[in-house]
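*Asks:* One structure, as structure tokens, below. Some questions next.
The values are calculated or read from the model by the stated rules, or taken from the named source; none is laboratory data. Note that the structure is a prediction, hence the values are computed from the model and not measured. Virtual Cβ from ideal backbone geometry, glycine too; neighbours counted across all protein chains shown. Surface areas here come from the heavy atoms of the whole protein model, side chains and all, with no ligands, DNA or RNA. Shrake-Rupley method; radii C 1.70, N 1.55, O 1.52, S 1.80 Å.
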Amino acid sequence: MVIGILIALQINNWNEERKDRITEKSVLLELQDNLERNMVLIDNAIADIIEINETTGGIIEIIEEKKSYPDTLIHHFGQMFRSGSYILELNTNGYESLKNIGLEILSSKALKNEILSLFEISYPGYNKHSEVINAIWGSNPRSWYDYFYIRPLEQGLIPLDYSTLKEDKKFMTIVRDLESGRNSILERMKLCQSETHRVLQLVQDELVKLSE
């Protein structure tokens, strides 16, 4: 009779363990999907900032070398002021599901710590940093009104007086401030990119183990 009870307990424990692993696999699949989507968002945002900074660098070079006015500057000036919010709407549904179920469901303690670090520290830290930069940008007046024609239905900006603009130190300060802010955001964003990629790989490795 005792042996029968022990066997029944073992079977029950095996069933519970099997249910936990099914649940773990399900939540990891959702996390994998979230992280893959986040990688796309982050990659696109990084490419966007790099493109704008290349444009800004071109403007700085043209103005500092006091080159004659090229028509391409209309586009470049418009791009330069695309400071954007860069507060990423990252996917966290999988992480919320995991929290609701309980992180203890994860077999790997190392993976649990990595997921916690990414969703509780890295992502919120990045967006907090972006909020600070945006607040600094937002506290400045819309400086392009002082320097450009506003064309609501057309892209790009046309300087009111290019010859004066080239000598305006305040304008160059604004340009470099925008560039510096974007570089600061870019540095944090690349950190999130690296950490997201690492956690995604760990989740994929764990899913392989659970499928064996």
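*Asks:* What does the accessible area of residue 145 come to, in Å² to the nearest 10, when a probe of 1.4 Å is used?
*Replies:* For residue 145, the solvent-accessible surface is approximately 110 Å².
*Asks:* Place a +1 charge on the Cβ of each Lys and Arg in region 20-156 and a -1 charge on the Cβ of each Asp and Glu, then give the dipole magnitude about the Cα centre in debye, rounded to the nearest 20.
*Replies:* 240
*Asks:* Ok, one more. Between residue 19 and residue 149, what FRET efficiency follows from the Cβ-Cβ distance if R0 is 45 Å, with the result rounded to 0.05?
*Replies:* Computed FRET efficiency for residue 19 and residue 149: 0.10.
*Asks:* For the chain, compute Rg over Rh where Rg is the Cα radius of gyration and Rh is the Kirkwood radius from the inverse mean 1/r over Cα pairs.
*Replies:* 1.24
*Asks:* Using a 1.4 Å probe and ignoring any ligands, DNA or RNA, find the accessible area of residue 92 and quote it in Å² to the nearest 10.
*Replies:* 50
*Asks:* With +1 on each Lys and Arg Cβ and -1 on each Asp and Glu Cβ, how big is the dipole of region 24-103 about its Cα centre, in debye rounded to the nearest 20?
*Replies:* 160
*Asks:* Okay, next question. To the nearest 0.05, what FRET efficiency results for residue 205 and residue 44 with a Förster distance of 30 Å applied to their C-beta separation?
*Replies:* FRET efficiency, residue 205 to residue 44: 0.70.
*Asks:* Tell me the net charge near residue 203. Cut-off is 12 Å between Cβ atoms, residue 203 excluded, with +1 for each Lys or Arg and -1 for each Asp or Glu.
*Replies:* -3
*Asks:* Using amide H atoms built in the peptide plane, which far-off residues or other-chain residues are under 5 Å from residue 148 H to H?
*Replies:* Answer set, sorted by chain and number: 160.
*Asks:* Please compute the length gained on full extension between residue 197 and residue 60, using 0.36 nm multiplied by the number of residues separating them and subtracting their Cα-Cα distance.
*Replies:* 45.9 nm
*Asks:* Still on this model: Compute a Gaussian network model of the chain, connecting alpha carbons closer than 10 Å, and tell me which residue from 160, 88, 41 fluctuates the most.
*Replies:* For the chain, modelled as a Gaussian network with Cα springs under 10 Å, the answer is 160.
*Asks:* Turning to a different aspect of this structure: Among 70, 163, 23, whose Cα lies farthest out toward the positive end of the dipole of the chain, if unit charges sit on the beta carbon of Lys, Arg (+1) and Asp, Glu (-1)?
*Replies:* About the Cα centre, the residue reaching furthest to the positive side is 23.
*Asks:* Could you state the accessible area per residue of the chain in Å², with a 1.4 Å probe and every protein chain left in place?
*Replies:* Heavy-atom accessible area per residue stands at 59 Å².
*Asks:* Going by accessible area, probe 1.4 Å, with all protein chains left in place, what is the ranking of 64, 24, 131, largest first?
*Replies:* Largest accessible area first, the residues go 64, 131, 24.
*Asks:* In nm, what is the difference between 0.36 nm times the number of residues separating residue 120 and residue 69 and their Cα-Cα distance?
*Replies:* Answer, rounded to one decimal: 13.5 nm.
*Asks:* Fully extended, how many nm does the chain gain between residue 162 and residue 101 (0.36 nm per residue separation, minus their Cα-Cα distance)?
*Replies:* 15.9 nm
*Asks:* Compute and list, largest first, the equivalent-ellipsoid semi-axes of region 101-210 from the alpha carbon gyration tensor, each √(5λ) rounded to a whole angstrom.
*Replies:* 46, 14, 12
*Asks:* Quick one, could you list the DSSP H helices from the chain stretching 18 Å or more along their long axis (Cα atoms) with average Kyte-Doolittle hydropathy of -1.0 or above?
*Replies:* Helices passing the filter in the chain: 2-64, 123-139, 169-211.
*Asks:* If you don't mind, there's one more thing I want to ask. Cβ under 12 Å from residue 123's Cβ, residue 123 left aside: what net charge do those residues give with Lys, Arg +1 and Asp, Glu -1?
*Replies:* Local charge sum for residue 123: -1.
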